[in-house]
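Everything on this sheet refers to the single structure shown next.
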Amino acid sequence: MPFSRDRGMRQMLADIDSEVGYTRRLIGKAALDRRVMDAMARVPRDEFVPDEMKALAFDNGPLPIGHGQTISQPYIVALMTDLLLPQADQQVLEIGTGSGYQTAVLSLLCRQVYSMDLIPKLTDAAASRLARLGYANVRIRSGNGYHGWPEHAPYHGIIVTAAAPYVPEELIDQLAPGGRLVIPVGLPHFTQQLLLVNKDEQGRTHTRDILSVAFVPLVDSPTATGDEQ
Ligand code: SAH
């Protein structure tokens, strides 16, 4: 069958809904926020995957994007966006730009998205892709996400789309009171736990363990970014 964005998108949204249903006890809800699903419906995932992957663009799974990295599974993107749930007047920080897909979804929900990735070739490609597709409220740069992007802090939400061995203290520091951090924590090559960290008005953090996930590692050194694919 020839590739059809509309058909692919309908299938992707249905698959997300089903997986939300299977995991409802873990995530504590039977459906994701309507605004999140609307944003998922508006971002053409096929624009964010390599040409040879277009036929698989709407499958509910991760796909390789080069440099040893992946675009995350649609269900996970939707779930993490739902946990972060940025409001229209807020700004958020994303660590792990990758293809820019998660960046695009977030940009439809909030005022401004800052996104950074260790691999300059990925940030360059994501920045031009997002500009071409008309996502104007995003700023992208390369850099080590363990240190966040302090110049624009504090953020109402911070989302980390790679697995960290611990919650980086500098990201907590850059969270506004009342803000949320969504981050997979655990060892690379094993499953990790997706955590939702809330910072209260007094600056205390409260952590909720959501479910097991499998992410590429948040690496700590620019030399450890994997070979070009
Ligand atoms: N959100 C992306 C998926 C990203 S995959 C998408 O929607 O396509 C994880 C990304 O984290 C990779 O691109 C990888 O280069 C990046 N990454 C790994 N370690 C990092 C670090 N220390 N700082 C910033 N980015 C990092």
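Values in this text are rule-based calculations from the coordinates and carry no lab data. Source: prediction; values computed, not measured. Here the Cβ is made from the backbone with ideal geometry for all residues, glycine too, and neighbour counts use every protein chain on show.
Listing for the model above:
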item: Check: the chain dipole with +1 on Lys, Arg Cβ and -1 on Asp, Glu Cβ, in debye; result: 600
item: Hz values of 3J(HN,Hα) by residue in segment 140-154 - Karplus curve (6.51, -1.76, 1.60), Gly and Pro given as x; result: 10, 8, 8, x, 7, x, 4, 9, x, 9, x, 4, 10, 5, x
item: R0 of 22 Å, Cβ-Cβ distance ARG111-ASP38: FRET efficiency to nearest 0.05; result: 0.80
item: Gyration tensor (alpha-carbon) shape descriptor, segment 70-229, a/c threshold 1.5; result: rounded
item: In sequence order, calculated HN-Hα J values of segment 188-203 (Karplus, 6.51, -1.76, 1.60; Hz; x Gly/Pro); result: x, 6, 10, 7, 10, 9, 7, 10, 10, 10, 9, 9, 7, 5, 8, x
item: Centre separation in Å (Cα based) which lies between segment 104-175 and segment 15-87; result: 17
item: Residues in segment 159-190 reached by a label modelled at HIS147 [backbone nitrogen below 15 Å; 7 Å Cα→Cβ]; result: 169-171, 174
item: Max mean-square fluctuation residue, GNM over the chain, Cα-Cα springs under 10 Å, options GLN11, GLN102, GLN192; result: GLN11
item: Contour minus Cα-Cα distance for ASP51 and GLN11 (0.36 nm per residue); result: 12.4 nm
item: In order through segment 61-70: 3J(HN,Hα) via Karplus (6.51 cos²θ - 1.76 cosθ + 1.60), integer Hz, x for Gly, Pro; result: x, x, 9, x, 10, x, 6, x, 10, 9
item: For the chain, the longest site-free run once GluC sites (Glu not before Pro) in DSSP loop states with at most 13 other Cβ atoms within 10 Å are removed; result: 1-200
item: Peptides 111-121, 135-145 ordered by average Cβ neighbours within 10 Å, highest first; result: 111-121, 135-145
item: Tensor-based shape of segment 69-116 (alpha-carbon gyration tensor, a/c under 1.5 rounded, otherwise prolate or oblate); result: oblate
item: Interchain or long-range residues, amide H under 5 Å from LEU63's placed H; result: ILE71
